[in-house]
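**Q** Structure provided below as structure tokens; questions to follow.
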Amino acid sequence: MGHRWLLSAVKSNRAPTGYLDLNNCKLSKNISDLPADNRTYRISFNENFSYDPDDGSITTIMNILYQQTRNLGGTPVLMSRPATIILTSKPQRESITYQVVMTHNEKTMMQLYECPWDKAVFLWKPKGSLFN
């Protein structure tokens, strides 16, 4: 999988979905007090995506909930924080960028990951897709 195949799928209206393993990504920018994340997340290129013909980049935006359990007065409580994920793929790049942006307690936090196509990005073509 790589940018060329993703572009072919998007152009033929066959945008794939899959998952991304942050354990195999490099944290390249961290504007927060959060440690690097190493979890695995679902990704989709069929929600809010755009193609820029000038530079050939494909960007998709996904809204998710980060969920964690916190102990409040001895009782475990499931907490959810909304986050925006921005995935960008560019030609001639061996990686895809995964940017997480969230606001909490009037602070905006951002982390940017570089994820190699061959180790961290796993996409499935939809049924009936013609791209390989």
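**Q** Could you pull out every one of the strands (runs of 3 or more DSSP E) wholly within segment 1-79 that has 1 or more residues that are charged (D, E, K, R)? Steps first, please.
**A** Values: elements: 17-21, 26-31, 40-44, 48-51, 58-72.
Ranges flagged: 17-21, 26-31, 40-44, 58-72.
**Q** In contact with a His (Cβ under 8 Å, 6 or more places away or on another chain) and either under 15 Å from residue 113 (Cα atoms) or of a type in the set (Lys, Arg) (or both) - does that describe any residue in segment 65-81?
**A** Pass one, segment 65-81, residues in contact with a His (Cβ under 8 Å, 6 or more places away or on another chain): 81.
Remaining after also requiring either under 15 Å from residue 113 (Cα atoms) or of a type in the set (Lys, Arg) (or both): 81.
Within segment 65-81, one or more residues are in contact with a His (Cβ under 8 Å, 6 or more places away or on another chain) and either under 15 Å from residue 113 (Cα atoms) or of a type in the set (Lys, Arg) (or both).
**Q** Among the candidates 24, 46, 30, single out the residue that is among the polar types (S, T, N, Q), more than 27 Å from residue 125 (Cα to Cα), surrounded by 14 or more Cβ atoms within 10 Å (Cβ to Cβ) and touching a residue at least 24 places away in the same chain (Cβ under 8 Å). Please lay out each step first, then the result.
**A** Details: 24 fails: more than 27 Å from residue 125 (Cα to Cα); 46 fails: more than 27 Å from residue 125 (Cα to Cα).
On inspection, the qualifying residue turns out to be 30.
**Q** Regarding residue 62, is this residue at pLDDT 90 or above, within 15 Å of the chain's Cα centre (by Cα), surrounded by 10 or more Cβ atoms within 10 Å (Cβ to Cβ) and over 15 Å from residue 20 (Cβ atoms)?
**A** Considered against the rule, which asks whether it is at pLDDT 90 or above, within 15 Å of the chain's Cα centre (by Cα), surrounded by 10 or more Cβ atoms within 10 Å (Cβ to Cβ) and over 15 Å from residue 20 (Cβ atoms), residue 62 comes out as no.
For every residue, the table says whether it meets (1) in contact with a strand residue (DSSP E or B) (Cβ under 8 Å, 6 or more places away or on another chain); (2) open to solvent by 40 Å² or more (accessible area, probe 1.4 Å).
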residue: 71; (1), (2): yes, yes
residue: 82; (1), (2): yes, yes
residue: 86; (1), (2): yes, yes
residue: 89; (1), (2): yes, no
residue: 94; (1), (2): yes, yes
residue: 98; (1), (2): yes, no
residue: 105; (1), (2): no, yes
residue: 120; (1), (2): yes, no
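**Q** Let me ask something else. Quick one: how many residues across segment 49-85 are touching a residue at least 40 places away in the same chain (Cβ under 8 Å) and more than 18 Å from residue 102 (Cα to Cα)?
**A** 3
The values are calculated or read from the model by the stated rules, or taken from the named source; none is laboratory data. This structure is a prediction, so every number in the text was calculated from the model and none was measured. Here Cβ is always computed from backbone atoms with ideal geometry, including for glycine, and neighbour counts include all displayed protein chains. Just the protein is used for accessible areas: all its heavy atoms, side chains included, with ligands, DNA and RNA removed. Shrake-Rupley method; radii C 1.70, N 1.55, O 1.52, S 1.80 Å.
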